[in-house]
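Written out below as structure tokens is the structure these notes cover.
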Protein chains: 2
Amino acid sequence: MARWQPDAPGRLAAAALDLFEEHGYENTTVIEIAERAGLTKSTFFRYFPDKREVLFGAGTITDLLIEGVASAPPTAGPLDALAHALDALGRTFFTADRREFSRRRQAVLNANTELREREALKRIDLTAAMVKALNRRGVPILTARVTAQLGALVWEIAYDQWIDTTGEDFGPLARRALADLRATGALC
Amino acid sequence: MARWQPDAPGRLAAAALDLFEEHGYENTTVIEIAERAGLTKSTFFRYFPDKREVLFGAGTITDLLIEGVASAPPTAGPLDALAHALDALGRTFFTADRREFSRRRQAVLNANTELREREALKRIDLTAAMVKALNRRGVPILTARVTAQLGALVWEIAYDQWIDTTGEDFGPLARRALADLRATGALC
């Protein structure tokens, strides 16, 4: 067994982002990413099944989201339970020190179809996780599916604003996006 | 130039589906698909940029969807304009003779991550097309985004029911799914 490496996935992601920006995603190999991070190829594959996965973390966000929905006040309706989870995500994950990395990462994703595909599937998996978490709170399945779709849109709007602006926190942006969605009255 | 081939994309898709079912997606080559369809590799690449694309048609659905939204009665609200488009899609594309192919196709997609990723990105592109088509009818952009998200869910629910049942048409299934979504009152 190799020695334990402090934050190996984070170092690999940072190295990958640098290299993707410098040479393009297509022209970067897993070996180059590992070398840049001062790690080995086998360490890379201990954390990520393939090159595409390196910018997608290790399921952390899904876990935080599920926890956030579960820990919302029992009186919160489905959409408010989601807002509570997005707020929590803003405090623990989409923090100010991650903003610049997230902005650069998104630019790399947007420029590459393979990465956009992986991102699209991750979003579907995240939405499915929201549905399950809401259903576990007693929200009927169809309401949970509608709420999760709307939550995915709230997330997208808030995230795009969060990476493009300098000051505002993710949680308040998500709350405002949700209020704007409600104001459309689109489902009434 | 090769001779014109009647419905070459359809023959290639049918051949690909057969082969993916028989040997798996991973174990099938573009050459084998072309041969099975009685066509050449270069004909394949005239219609599809890669092997993944062969089960995703050539943008037909997007065009039909945009047309369907545009041709909805001027008095129709955003969600009803989408329902009108899904109805049209049921009459022109998701027809009874396509049901069995669609069911088999979906089973192959569900079994392969690469194909699920391509499908996930196609869904995002379709949702973006819905947003544009609604916006062109004068629907404000945020309302259009909410409506398109809900439309994507209506589509998914109706499609899953359509391929799994034997009798009901896609259009009525979509109408019913939309009514059920409205009844959740999730955004009110």
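The values are calculated or read from the model by the stated rules, or taken from the named source; none is laboratory data. Just so it is clear, the model here is predicted, and its values are computed rather than measured. Note: ideal-geometry Cβ built from the backbone for every residue, glycine included; neighbour counts use all protein chains shown. Areas reflect the complete protein model, heavy atoms only, side chains present, ligands, DNA and RNA absent. Shrake-Rupley method; radii C 1.70, N 1.55, O 1.52, S 1.80 Å.
With θ taken as phi - 60° and the Karplus curve 6.51 cos²θ - 1.76 cosθ + 1.60 applied, the whole-hertz 3J(HN,Hα) list for the stretch B:33-50 is 5, 4, 4, 4, 7, x, 10, 9, 4, 5, 5, 3, 6, 6, 9, 10, x, 7 Hz, x standing for glycine and proline. With the charge dipole of the protein assembly as shown set up from +1 on Lys and Arg Cβ and -1 on Asp and Glu Cβ about the Cα centre, the Cα lying farthest toward the positive end among the listed residues B:106, A:84, B:19 is that of A:84. Placing a label point 7 Å from Cα along the Cα-to-Cβ axis, residue B:92 is separated from the same position in the other copies by 4.8 nm, shortest listed first. When only the Cβ of Lys, Arg, Asp and Glu is charged (+1, +1, -1, -1), the dipole of the stretch A:88-188 relative to its Cα centre reaches about 400 debye.
Among the GluC sites (Glu not before Pro) in the stretch B:1-86, those located in a DSSP loop and surrounded by at most 11 other Cβ atoms within 10 Å of their own Cβ are B:26. Placing +1 on each Lys and Arg Cβ and -1 on each Asp and Glu Cβ, with no other charges, gives the stretch B:6-71 a dipole about its Cα centre of roughly 200 debye.
Comparing B:47, B:185, B:161 along the charge dipole axis of the protein assembly as shown, the residue lying farthest to the positive side is B:185, per the Cβ-charge model.
Residue-wise HN-Hα couplings along the stretch B:76-83, as the Karplus relation 6.51 cos²θ - 1.76 cosθ + 1.60 with θ = phi - 60° gives them from phi, are 5, x, x, 5, 6, 5, 5, 4 Hz; Gly and Pro carry x.
Charged side chains reduced to their Cβ positions (Lys and Arg at +1, Asp and Glu at -1) give the protein assembly as shown a dipole of some 360 debye around its Cα centre. Per residue, the average separation of C-alpha pairs within less than 8 Å and at least 6 apart gives chain A a relative contact order of 21 percent.
Helix content alone sets the calculated 222 nm mean residue ellipticity of the protein assembly as shown: runs of n ≥ 4 DSSP H residues at -39500 (n - 2.57) each, divided across all residues, give -23000 deg cm²/dmol.
Each other copy holds its own label point for residue A:35; taking that point as 7 Å from Cα along Cα to Cβ, the gaps run 3.9 nm, nearest first.
Computed over protein heavy atoms with a 1.4 Å probe, the carbon and sulfur contribution to the accessible area of chain A reaches 53%.
Summing both sides, the accessible surface hidden between B and A at a 1.4 Å probe radius is close to 2900 Å². In this rough spin-label picture, where each label sits 7 Å from Cα along the Cβ direction, the residue A:96-residue B:91 distance is 5.8 nm.
Relative contact order, whole percent, for the stretch A:77-159 stands at 41, derived from Cα pairs under 8 Å and 6 or more residues apart. Segment residue A:46..residue A:63, full-extension length gain: 4.1 nm, with 0.36 nm per residue of separation and the alpha-carbon distance subtracted.
Straight-line reach from residue B:122: taking Cα to Cα under 28 Å and skipping same-chain neighbours fewer than 8 places apart, the lysines in range are A:51, A:122, A:132, B:41, B:51, B:132.
When residue B:137 is represented by a point 7 angstrom out along its Cα-to-C-beta vector, the spacings to that point in the other copies are 3.1 nm, nearest first. Where in the stretch B:83-97 does the label zone of residue B:21 land, with the point 7 angstrom along Cα→C-beta and an amide N cut-off under 18 Å? Answer for the stretch B:83-97: B:95-97. The accessible-area loss of the stretch A:83-128 on complex formation, taken against its chain alone with a 1.4 Å probe, reaches 30 Å² or more at A:116, A:117, A:120, A:121, A:124.
Residue by residue along A:148-159, Cβ atoms of other protein chains within 10 Å of the local Cβ number 3 on average. When chain B is treated as a Gaussian network with alpha carbon springs shorter than 10 Å, the biggest mean-square fluctuation among B:131, B:30, B:69 belongs to B:30. Ligands, DNA and RNA are left out, and with a 1.4 angstrom probe the accessible area of the stretch A:4-108 is 49 Å² per residue.
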